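Beneath this line is the structure, given in structure tokens, with notes to follow.
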Amino acid sequence: MPHAIRIHAHGGPEVLRWEEVPKPAPGPGEALVKHAAIGLNYIDIYFRTGLYKPPALPATLGMEGAGTVEAVGEGVTDLRPGDRVAYATAPIGAYSEYRTIKAERLIKLPDAISFDTAAAMMLQGMTAEYLLLRTFKVQPGQTILIHAAAGGVGLIMCQWAKHLGCTVIGTVSTEEKAALAKAHGCDQPIVYTREDFQARVKEITGGRMLPVVYDSVGRETFLKSLDCLAPYGMLVVFGNASGPVPPFDISLLAAKGSLYLTRPTLATYTARREELAASAAALFDVVQKGAVKIAINQRFPLKDAAEAHRALEERRTTGSTVLIP
């Protein structure tokens with residue numbers, strides 16, 4: 001029988017169990033995918049801990065994967081067995097050797113993109129696409145701040161923003177991560193463990209501050225991120241690695257310069273099939289051009305997903321991580 005990683009209760013990495021599961025069969029409108037690689041993302045930790053609630057327990061985690069179509073259900077006409085596909089933002093269930101998924105959520109892979117690369121980039125890369133091109137459409141000549149610049153989304157965003165003509169400031173936790181971010185397009189890495197990032201932004205910009213800050217850290221950085229913005233600037237909070245942002249008085253946005261605040265999700269930005277296809281196409285384009293290189297810096301066997309979660313939570317990872325069934 002095939003295997004999957006499942007949780008029966010919320011908690012630490014130890015709740016992740018490698019279990020035998022029945023091989024699923026595709027229903028109408030679905031495809032059965034045999035995974036070749038699975039992406040690791042911080043949202044997986046949110047589901048594991050219970051910050052985000054799965055539909056039911058036991059649950060199989062994971063939002064992103066790549067592999068081969070093994071079978072299709074009734075009514076599926078645009079996919080066939082043998083097609084190379086990838087996905088992100090589908091219902092959880094990627095931590096498995098096989099899974100069924102709605103065919104409309106699958107994207108066919110170009111021949112030049114490997115399964116590992118696809119699994120490492122679909123969720124993070126399409127996140128970068130909507131953040132830079134749609135949530136706040138960056139312009140050539142702008143200076144922007146990206147938190148967690150050496151992470152999976154961060155490295156992609158740094159490269160993509162640089163490709164679009166931006167000057168990129170990024171926060172990182174170590175000198176090693178600073179060097180990694182700089183090698184991927186970050187002009188001004190700030191090691192936040194020894195520097196005040198808000199003070200450094202003021203210094204770098206000559207007091208002009210920024211039109212946008214992209215923040216996936218959450219609670220620890222929220223208030224200082226607001227202080228990095230110029231009047232009318234936008235804070236884009238798209239994650240909460242340090243914990244969710246607590247409630248606050250919205251008049252703070254007025255006091256700090258008529259600021260904008262948004263909390264977008266990839267699920268919303270790719271909810272319609274045409275949006276999903278356009279986002280994936282934009283990502284494939286910059287990757288195949290070489291403007292964005294996907295850094296897969298960690299690989300774990302799927303059965304060792306608990307160790308992968310520990311590494312991610314302890315900030316021992318850089319770039320993207322994939323799980324191999």
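General remarks:
- For R80 and H163, the FRET efficiency from 1/(1 + (r/R0)^6), where r spans their Cβ atoms and R0 equals 41 Å, is about 0.75.
- Inter-site label distance for A254 and L51 at 7 Å from Cα along Cβ, in nm: 3.1 nm
- Cα centroid separation - the stretch 216-252 against the stretch 149-210, whole Å: 17 Å
- Spin-label model distance (nm) - K293 vs E274, 7 Å beyond Cα toward Cβ: 3.7 nm
- Potential extension, L223-R208 segment - 0.36 nm per residue separation minus Cα distance: 3.6 nm
- Zone residues, the stretch 48-70, relative to K108, backbone N less than 17 Å from point 7 Å out along Cα-to-Cβ: 67-70
- Straight-distance candidates among the lysines for linking to K108, with alpha-carbon spacing under 20 Å and chain neighbours fewer than 8 residues away dropped: K34, K289, K293.
No lab work stands behind these numbers, since they all come straight from the coordinates. Since this is a predicted model, take the numbers as computed values, not measurements. Cβ atoms come from the backbone with ideal geometry, glycine included; neighbour counts cover every protein chain shown.
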